[in-house]
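The values are calculated or read from the model by the stated rules, or taken from the named source; none is laboratory data. In this text the structure is predicted, and so the values were computed from the model without any measurement. Cβ coordinates were reconstructed from backbone atoms using ideal geometry, including for glycine residues, and neighbour counts include every protein chain displayed. SASA here: full protein model, heavy atoms, side chains in, ligands and nucleic acids out. Shrake-Rupley method; radii C 1.70, N 1.55, O 1.52, S 1.80 Å.
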Amino acid sequence: MTYFDECAEYGSPRLHVARFTVANVDYEVRFTQITAVNPYDCAALFPEGFIFPLYVHHYDVTFDTKANRINKTPYQRAEELPTGAGTRVLKCVERTIIDHYTRFNVGLYTFVPADHKLLNIYCRFITKKKHKGLTIEVGLEPNGRANVLRTPRFWGLA
């Protein structure tokens, strides 16, 4: 099970951070809770009439290397990774999101991939059979890159 640091334990919005290492590169997956109080923390811009979850949580998800956060160079790709390291990184991100969903009763995730290649990978991840009940809505603003992932809890199925 993934360990999540609670960075705003008693405040709002809640921020959870999970860390892992692949090929000697440290990565962080950050989950920022989105509420009516802080809609501006969400990377996606929602169209009018968008349905938000009533009884479950909504989190915005980002992942990057720890070095990029420290150096203030967001989403620069790690260089010189060995063969297969990119796949291992994405499997760790997948496991982290599944563990977060299980632990925190999340109904909706939003995320904005840095590029369309990463968007395609996310969409393949969602369509795997083991993720039955997940739905993805792609192409929201900004620039048609934002995505919404609804879990079975959003629909009241879990």
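Sequentially through region 76-81, phi angles give Karplus couplings (6.51, -1.76, 1.60; θ = phi - 60°) of 6, 5, 5, 9, 6, 7 Hz, Gly and Pro residues having no value and appearing as x.
For the chain, the Cβ-based charge dipole about the Cα centre amounts to some 640 debye (Lys, Arg positive; Asp, Glu negative; other atoms uncharged).
Identify the chymotrypsin sites (Phe, Trp or Tyr not before Pro) of region 15-64 meeting these criteria: DSSP loop state and at most 16 other C-beta atoms within 10 Å of the C-beta.
On the way: sites: F20, Y27, F31, Y40, F50, Y55, Y59, F63; in loops: F50, Y55.
Those that pass, being in a loop and sparsely packed, are F50, Y55.
When the charge dipole of the chain is built from unit charges on Cβ atoms (+1 for Lys and Arg, -1 for Asp and Glu) and taken about the Cα centre, the candidate among V37, T102, Y27 whose Cα reaches farthest toward its positive end is T102. Packing-based ranking of 132-140, 75-83, 94-102 yields 94-102, 132-140, 75-83, ordered from highest to lowest mean Cβ neighbour count within 10 Å. Using a Förster distance of 25 angstrom, determine the FRET efficiency expected from the C-beta separation of I98 and K66, and round it to 0.05. Efficiency, rounded to the nearest 0.05: 0.70.
Across the chain, Cα pairs under 8 Å and at least six residues apart give a relative contact order of 22 percent.
Volume of the convex hull of the chain (Cα atoms only), normalised per residue: 128 Å³. Computed extension length for E137-V37: 33.6 nm, one decimal, from 0.36 nm per residue of separation with the Cα-Cα distance subtracted.
Shown for the chain: the carbon plus sulfur share of the solvent-accessible area, taken with all protein chains present and a 1.4 angstrom probe, equals 54%.
Counted residue by residue at 0.36 nm each, then reduced by the alpha carbon distance between them, the extension gain from D26 to F46 reaches 4.0 nm. In region 3-63, which GluC sites (Glu not before Pro) fall in coil by DSSP and have 12 or fewer other Cβ atoms within 10 Å? Answer by residue number: E9, E48.
Enter the accessible area per residue of the chain (Å², integer; probe 1.4 Å; all protein chains in place).
On the way: 9450 Å² over 158 residues.
Counting only protein heavy atoms, the per-residue value for the chain is 60 Å².
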